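To start, the structure under review is shown below, and the notes come after it.
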Amino acid sequence: MMNHQWKQNCTPEETAEEETKKAVKSEKRANQEAKRAAQADARAERLAAKLRELNIDPENI
């Protein structure tokens, strides 16, 4: 694996490989963010349920 400083000196295959790597990294990052968001939503739902158990309307906080 070589680090290509000048894109114009790369072969189309090398450029495509680099773009694929970037896309995979981007997809992994997006998946991590989606997972974090889902976890935050789940925490918020659990908190809202606990508040309702205590007869507190979560919408009025």
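The values are calculated or read from the model by the stated rules, or taken from the named source; none is laboratory data. In this text the structure is predicted, and so the values were computed from the model without any measurement. Positions of Cβ are backbone-derived with ideal geometry, glycine not excepted, and every protein chain shown enters the neighbour counts.
Quick notes on this structure:
- Residues satisfying the stated conditions in the range 22-61, i.e. modelled with pLDDT under 95 and surrounded by 10 or more Cβ atoms within 10 Å (Cβ to Cβ): P58
- Filter pass, E14 being surrounded by 10 or more Cβ atoms within 10 Å (Cβ to Cβ) and either modelled with pLDDT under 95 or out of contact with any Ser or Thr (no Cβ under 8 Å at 6 or more places or on another chain) (or both): yes
- Total residues in the range 20-61 satisfying the condition of being of a type in the set (V, I, T) and in a helix (DSSP H, G or I): the figure is 2.
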